[in-house]
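Read through the structure below, which is laid out as C-alpha cells, and then see the notes.
The values are calculated or read from the model by the stated rules, or taken from the named source; none is laboratory data. Owing to the predicted nature of the structure, the values given are computational and were not obtained by experimental measurement. We place every Cβ from the backbone using ideal geometry, glycine too, and count neighbours over all the protein chains shown.
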Amino acid sequence: MTTARPQAVLEMIGRQLRDYRTACDLTRTAAGQYIGADDTKISRLELGRVRVKEEDLERLLGLYQVPPAERKSILDLSRRAGDRHWWFEHRDVLADWFCSYLLLESAAQYIRTYEMRFIPGLLQTPAYAEAVMRQRYADEAEVRRRVDVRMQRQRILTEPGSPRLWAVVDEAALRRPVGGPQVMREQLKALVRANERQYTRIQVLSFGAAGPASPGTSFSILRLRNAQLQDVVYLEQIESAQFLTDAEQADPYQKAWSRLGVAAGEPDETAAVIEDALRRDYLHVA
C-alpha cells in the first residue's frame, strides 16, 4: 500500500537546501550544529529522506541568507508537503510520485503541458477519463476511483487563484477514438468550451506542422506560485515519473515547448480544428 508521501517534493526541497548550503560554503556539520542536530540529519534532509520541521527550515534558510520571497516559497511548499490533502483518501491506489505531482499541480501558477496520445487529464470528460483508465486497469472499483481523482484534480481550474493552463495537444489525440464516437464527440466539444475560459489556452499541433516541433514524448512544465524556484519538468512513465529541476536537464524541454508554441495552431484556430475532427471522424458514426 502506498503512503501517499510526496517524496519527489521532499527531494526538491532537500536539493534546494543543499544548494543554499554549498553556496554559503558551509559544511553539513556546521549546518547541523546551528539547528542542534548532527550532519547525518542534514544529509537526510538534503536527500529528502525526511520532512524538515518548519522551525528547523526557517533557521536554515536564515543561516543560508535566502531572500524573503524565496524563503516564503520554500516554506509554503514544505507546509503543503506536510498537509493532509484531498487525495489522501485514495492513497492505496496512488503512487508516491503521482502524489508529488498532485501537490505541485495544486501549488502551480502556470501549467504548460504537451500531450501526444490523449487529451490532457485536466481537460478530460468523465467518460473519456474512464475509457483511458480501462486501457490499463481491470478492477471496476479502481477505475472509478481513479476517474474520481482525475475529476477532482480539475477543480483547481475553477477555484479562486486558479493556475493558467496552456496545453498543446497533438492532432493524433483528437483523432484517436478513445471510448468510441459518442465519448469522443462529448470530449471534443468539452475541449472547445475549455478553450473559451479566461485562463485556459489550447493549441493543436497538426499533422502538417512545419519543422521538428514534437519532442517525441508528452511532458508538463510547472511554475509554482511566488516561486523563486526553478520550473519543474514532469515526465510520466508507466510505473514511475521524473521531476527535473536542474537547469541543464530541464532546458531541452523548455526549448521544445518554445518550438511547440510556434508550430501549433493559434488558440483562436483551435475550435475550427476540433470541429473538423468532429466532422471527419465522429459526426456520422453510429
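Miscellaneous remarks
- Boolean, Q65 is in contact (Cβ under 8 Å) with a residue 24 or more places away in the chain and closer than 24 Å to S240 by Cβ: no
- Residue identified as among the aliphatic types (A, V, I, L, M), surrounded by 14 or more Cβ atoms within 10 Å (Cβ to Cβ) and within 18 Å of the chain's Cα centre (by Cα) among I13, I35: I13
- Residue match in the stretch 219-232 (condition: charged (D, E, K, R), modelled with pLDDT under 85 and touching a strand residue (DSSP E or B) at 6+ places or on another chain (Cβ under 9 Å)): yes
- Matching residues, the stretch 116-142, being touching an Asp or Glu at 6+ places or on another chain (Cβ under 7 Å) and modelled with pLDDT of 95 or more: T125, A127
- When the stretch 16-27 is filtered for residues that are surrounded by fewer than 19 Cβ atoms within 10 Å (Cβ to Cβ) and not aliphatic (A, V, I, L, M), the ones remaining, listed by number, are R18, D19, T22, C24, D25, T27.
- Considering only residues in the stretch 12-69 that are assigned to a helix (DSSP H, G or I) and among the β-branched types (V, I, T), the one that is nearest to S100 (Cα to Cα) turns out to be I13.
- Any hit, the stretch 143-150, residues being closer than 29 Å to F207 by Cα, modelled with pLDDT of 95 or more and not in a loop (DSSP other than H, G, I, E, B): yes
- First in the stretch 42-60 and over 9 Å from S78 (Cβ atoms), second anywhere and of a type outside the set (S, T, N, Q) and outside any helix (DSSP H, G or I), Cβ under 8 Å, 6 or more apart: R44/V50; L45/V52; D56/I35; D56/A37; R59/I35; L60/I35; L60/V52
- Residues that are within 18 Å of L222 (Cβ to Cβ) and either surrounded by fewer than 17 Cβ atoms within 10 Å (Cβ to Cβ) or not aromatic (F, W, Y) (or both) do occur in the stretch 45-62.
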